[in-house]
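Everything on this sheet refers to the single structure shown next.
The values are calculated or read from the model by the stated rules, or taken from the named source; none is laboratory data. Computed from a predicted model, the values in this text were never measured in an experiment. Cβ placement follows ideal geometry from the backbone for every residue including glycine, while neighbour counts extend to all protein chains displayed. Ligands, DNA and RNA are stripped out before the accessible areas are found, and what is left, the full protein with its side chains, is counted by its heavy atoms. Shrake-Rupley method; radii C 1.70, N 1.55, O 1.52, S 1.80 Å.
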Amino acid sequence: MTHRMEHLITQMKEDYDDLMIIDHKEYVKLFQFLKIKCYKKGEILKSHDELELVSRYIFKGDIAEYEYRAKKFYCRKVFSAPDTACDFESYRSEETSNITLKAFTDVQVGELQKSDEFSVIEYIPVFAKLALRINHRIAKIDRQWKRLHWLEKKEAYNTLQKLCPVFNQLQVAEISAILNIPERSVFRIRKELANEFRSFK
């Protein structure tokens, strides 16, 4: 096994140890099913007219989720390492959705084919329990993003800053789409926050 692969196994194990401790050798088995891939910033990982057949563990970088509506793309969330990036709606329903996943920065992922899920559980039974906990973590992160729509605008903006590691790289149009508020509201919030910061100093 290469040093690079060993490093990725250790990285994933350290992350998932927070959820459940599993022996290193079980991760070595898991990596037989994972395809390690790198995507350049701007590259499309999954288009809105494709079925989602893969879940992606992010080792490095960020992946943006865009909703395709009325011939336009609207940013809805950003998956960052060590999230799992996937068009979950299409993945579960086995139908196409209007979601496109695009590399927001250069990204390195471990891809698991949906068709291999049962093989993984049969070959490495201990991963069944971990998979359940991973799904809970995914659901919790998803709730945090959805909750942005229910918060007061300025609080939603501040919460997004904490939630998204690449917040400073987001365009105003992307922040506007994520928070579901007009672009002028984003500019107004920024101005208010800047004034508050100045008066605080």
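Does any residue of the range 48-55 turn out to be surrounded by 18 or more Cβ atoms within 10 Å (Cβ to Cβ), modelled with pLDDT of 95 or more and part of a strand (DSSP E or B)?
yes
What do you reckon, is Lys46 without any contact (Cβ under 8 Å) to a residue 24 or more places away in the chain and over 12 Å from the mean Cα position of the chain (by Cα)?
So Lys46 does not fit the description; no.
All but one of (1) part of a helix (DSSP H, G or I); (2) surrounded by fewer than 12 Cβ atoms within 10 Å (Cβ to Cβ) hold for Trp150; which doesn't?
(1)
Only residues in the range 125-151 that are over 18 Å from Asp83 (Cα atoms) count as the first member; pair them with residues that are open to solvent by 40 Å² or more (accessible area, probe 1.4 Å) and in a helix (DSSP H, G or I), Cβ under 7 angstrom, at least 6 apart or cross-chain, and list the lot.
Pairs found: Ala128/Ile121.
What about Ile58, is it under 16 Å from Leu130 (Cα atoms) and open to solvent by less than 40 Å² (accessible area, probe 1.4 Å)?
Here the answer is no, as Ile58 does not meet what is asked.
Just to be sure, is Tyr157 over 30 Å from Glu26 (Cα atoms) and open to solvent by less than 90 Å² (accessible area, probe 1.4 Å)?
In short, yes.
Please specify each residue of the range 164-179 satisfying the condition of being assigned to a helix (DSSP H, G or I) and open to solvent by less than 40 Å² (accessible area, probe 1.4 Å).
Matches in the range 164-179: Phe167, Val172, Glu174, Ile175, Ser176, Ala177, Ile178, Leu179.
Hey, any hits in the range 27-45 for a residue that's open to solvent by less than 50 Å² (accessible area, probe 1.4 Å), under 25 Å from Leu163 (Cβ atoms) and of a type in the set (A, V, I, L, M)?
The answer is yes; a qualifying residue exists.
When the range 1-43 is examined, which residues are found to be in contact with a His (Cβ under 9 Å, 6 or more places away or on another chain) and free of Cβ contacts under 8 Å to residues at least 60 places away in the same chain?
Ile9, Thr10, Lys13
I'm trying to understand the selection: among the residues of the range 79-96, which are touching a residue at least 24 places away in the same chain (Cβ under 8 Å) and among the hydroxyl-bearing types (Ser, Thr, Tyr)?
Passing the criteria: Ser80, Thr84, Ser90, Tyr91, Thr96.
Take the residues in the range 71-105 that are acidic (Asp, Glu) and closer than 20 Å to Glu174 by Cα; name whichever of them is surrounded by the most Cβ atoms within 10 Å (Cβ to Cβ).
That would be Asp87.
Here are some conditions: (1) open to solvent by 50 Å² or more (accessible area, probe 1.4 Å); (2) in a helix (DSSP H, G or I); (3) under 22 Å from Ile99 (Cβ atoms). Lys191 meets all but one. Which one does it not meet?
All conditions are met except number (3).
Of the residues Met20, Met12, which single one is among the aliphatic types (A, V, I, L, M), surrounded by 11 or more Cβ atoms within 10 Å (Cβ to Cβ), at pLDDT 95 or above and assigned to a helix (DSSP H, G or I)?
Checking each option against the conditions leaves just Met12.
Are there any pairs with C-beta distances below 7 angstrom linking a residue in the range 51-67 that is in contact (Cβ under 8 Å) with a residue 24 or more places away in the chain to a residue that is open to solvent by 30 Å² or more (accessible area, probe 1.4 Å) and of a type in the set (Ser, Thr, Tyr), with the two at least 6 apart or on different chains, and if so which?
So the pair list comes out as Leu51/Thr96; Tyr66/Tyr74; Glu67/Tyr74.
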